[in-house]
Amino acid sequence: MSTRVALVTGASRGIGRAVAERLAADGLHVVAHYNGHEAEAKETVARIERAGGTAVAVQAELGREGGVEKLVDAVRTESGGRLAVLVNNAAAVPAGPMVTDTPERFDRLFAVNVKAPYFLVQQALPLLVEGGRIINVSSVATRMANPTQTSFAMTKGALEVMTRTLAQELGGRGITVNAVAPGGTRTADNAEAFIGLEDFITNLTALGRLGQAEDVADVIAWLASDRSRWVTGQTIDASGGLHLGPKIA
């Protein structure tokens, strides 16, 4: 296959869908991974095809035994063994404050948010082309002390450490590894979560609004392109300047 291939995990909705659509618009053939939202994943593919791009939806349950291997096998078949871009976007949602957390929820969070991307990179490395791109979706939760997201922030912190160490390891192959950290980002699927919070968040944001999935997707598309070839090992804040400090009236 001569077309560059991108794998986007968690591409059925939200930021993942926007990333899949943006990369397809840039001419990549997209493997749109999903777990339980088959109809939405098929809609992602349909939207890409209507816009003139190409994509395929692949189901795999990350965080469970065999999930990574199933996904990589599908990518190998779809890409002809040559993967240009890997976007680790799929993630489990915050499990709440420590006082209400459980070992089972904690383990699930780390299985999906840390273990799955770690071993997905490991298994996909033989497929990644020289000069390929790995982009991990982190969160501004790593730089903000939010007690309702302690375990979630820990998983994203681990992802950022992995980003730096992999950048060092893979630089000899011209592969760049970076992370993108969204802030409050409203999508069609999470709009209700911002009811009553929009003003609070926008007042803490330098650019004065909630983010949109496309805002984050454009940053990821830049990192996936040759224009970012000299940037690696970085976490790029894509939050519109959330919680930079107090605003002076």
query: touching a helix residue (DSSP H, G or I) at 6+ places or on another chain (Cβ under 9 Å), closer than 17 Å to residue 123 by Cβ and either in a helix (DSSP H, G or I) or among the hydroxyl-bearing types (Ser, Thr, Tyr) (or both), is that true of residue 87?
result: no
statement: Conditions (1) under 18 Å from residue 121 (Cβ atoms); (2) free of Cβ contacts under 8 Å to residues at least 24 places away in the same chain; (3) among the charged types (D, E, K, R); (4) assigned to a helix (DSSP H, G or I) -> residue 65 fails only (4)
message: Looking at the structure I just gave you, is residue 230 free of Cβ contacts under 8 Å to residues at least 24 places away in the same chain, under 22 Å from residue 86 (Cα atoms) and not in a helix (DSSP H, G or I)?
response: yes
- line: The condition from (1) of a type outside the set (Asp, Glu); (2) at pLDDT below 90; (3) under 30 Å from residue 103 (Cβ atoms) that residue 248 misses is numbered (3)
statement: Of the residues in the range 95-130, those that are at pLDDT below 95 and surrounded by 16 or more Cβ atoms within 10 Å (Cβ to Cβ) come to 95, 96
message: Tell me the residue from 164, 133 that is modelled with pLDDT of 95 or more, of a type in the set (Lys, Arg) and crowded, with 19+ Cβ neighbours inside 10 Å, please.
response: 133
- prompt: Has the range 153-165 got at least one residue that is touching a residue at least 40 places away in the same chain (Cβ under 8 Å) and at positive phi?
  reply: no
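Yes/no matrix, rows are residues, columns are (1) modelled with pLDDT under 95; (2) assigned to a strand (DSSP E or B); (3) in contact with a helix residue (DSSP H, G or I) (Cβ under 6 Å, 6 or more places away or on another chain):
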| site | (1), (2), (3) |
| --- | --- |
| 15 | no, no, yes |
| 36 | yes, no, no |
| 42 | no, no, no |
| 48 | no, no, yes |
| 92 | yes, no, yes |
Matching option when the condition is closer than 26 Å to residue 226 by Cα and under 13 Å from the mean Cα position of the chain (by Cα), among 169, 160: 160
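The values are calculated or read from the model by the stated rules, or taken from the named source; none is laboratory data. Nothing here was measured: the structure is a model prediction, and the numbers come from that model. FYI the Cβ positions are ideal-geometry reconstructions off the backbone, even for glycines, and counts take in every protein chain you see.
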